[in-house]
Amino acid sequence: MRGLYLFVAGILVTVAVQVAIAQSQNQGVVRMNHVAISTPNIEESVAYYTETMGFPEAFRVTNDSGQIALVYVQVSENSFLELQPANDQRPPGLSHFGVVVEDMDAAIDMYRGRGVEVEDSRISGTNAVLSNIYDENGIRMELLELPAVSEHAQAEARWRSRAAASWR
């Protein structure tokens, strides 16, 4: 019986160590947030994902000319699909994916410490703190820090509010 307890204890310690190692390798990386798609007809795509697929529109951003720069549709509490109009610099298709970090400066330092080229951070039109990393294939990973004033954090709060109301 003692052998069984030691075996189980060994498994639990091994799992705990593996979890700690996995978490420490990307300290402060919280979760995947969104996948971005560039589309030749933004309004048709928004209609498809909201009306046909049933994902609510979370928010949209327009440029200085009043044209749509992006539309976020909300798949779940903290996962989104970002729709962007395709253009000469952004052909139709998968554009990038977004990953939430707790602290942008710390994330930039961590990745730069690994020799990764990371853009300096900036504040986006959604009030998120953003930075970008490109992999060897040119795929962009957008890092996002989401303060409470960001459109993303506000959409997540609305989702939680609606979910709480439906439980009453």
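The values are calculated or read from the model by the stated rules, or taken from the named source; none is laboratory data. Predicted model, so just to flag it, every value in this text is computed and none were measured. With ideal geometry, Cβ positions are generated from the backbone for all residues, glycine too; neighbour counts draw on all protein chains shown.
General remarks:
- Condition check for Asn63 on (1) polar (S, T, N, Q); (2) in contact with a helix residue (DSSP H, G or I) (Cβ under 9 Å, 6 or more places away or on another chain); (3) farther than 20 Å from Trp159 by Cβ: one failure, at (2).
- All conditions but one from (1) among the acidic types (Asp, Glu); (2) under 26 Å from Thr62 (Cβ atoms); (3) outside any helix (DSSP H, G or I) apply to Glu156; the one that does not is (3).
- Residue, nearest to Glu77 (Cα to Cα), within region 126-168, restricted to residues that are surrounded by fewer than 16 Cβ atoms within 10 Å (Cβ to Cβ) and among the β-branched types (Val, Ile, Thr): Val149
- Filtering region 88-115 to residues that are assigned to a helix (DSSP H, G or I) and closer than 24 Å to Asn78 by Cβ leaves Met104, Asp105, Ala106, Ala107, Ile108, Met110, Tyr111.
- Under the condition of being within 15 Å of Pro147 (Cα to Cα) and outside any strand (DSSP E or B), the residues counted in region 116-132 number 6.
- Matching residues in region 133-153 - criterion: being among the small types (Gly, Ala, Ser), part of a loop (DSSP other than H, G, I, E, B) and either modelled with pLDDT of 95 or more or farther than 16 Å from His96 by Cα (or both): Ala148, Ser150
- Residue list for region 112-125, filter: at pLDDT below 95 and either touching a helix residue (DSSP H, G or I) at 6+ places or on another chain (Cβ under 6 Å) or buried (at least 18 other Cβ atoms within 10 Å of the Cβ) (or both): none
- Those strands (runs of 3 or more DSSP E) of region 8-81 in which 1 or more residues are among the charged types (D, E, K, R) and either touching a strand residue (DSSP E or B) at 6+ places or on another chain (Cβ under 6 Å) or at pLDDT below 95 (or both) occupy 29-39, 57-62.
- Test: residue in region 93-102 that is without any contact (Cβ under 8 Å) to a residue 24 or more places away in the chain and either surrounded by 19 or more Cβ atoms within 10 Å (Cβ to Cβ) or under 21 Å from Val29 (Cβ atoms) (or both): no
- Residue tally, condition in contact (Cβ under 8 Å) with a residue 40 or more places away in the chain and touching an Asp or Glu at 6+ places or on another chain (Cβ under 6 Å), over region 41-69: 1
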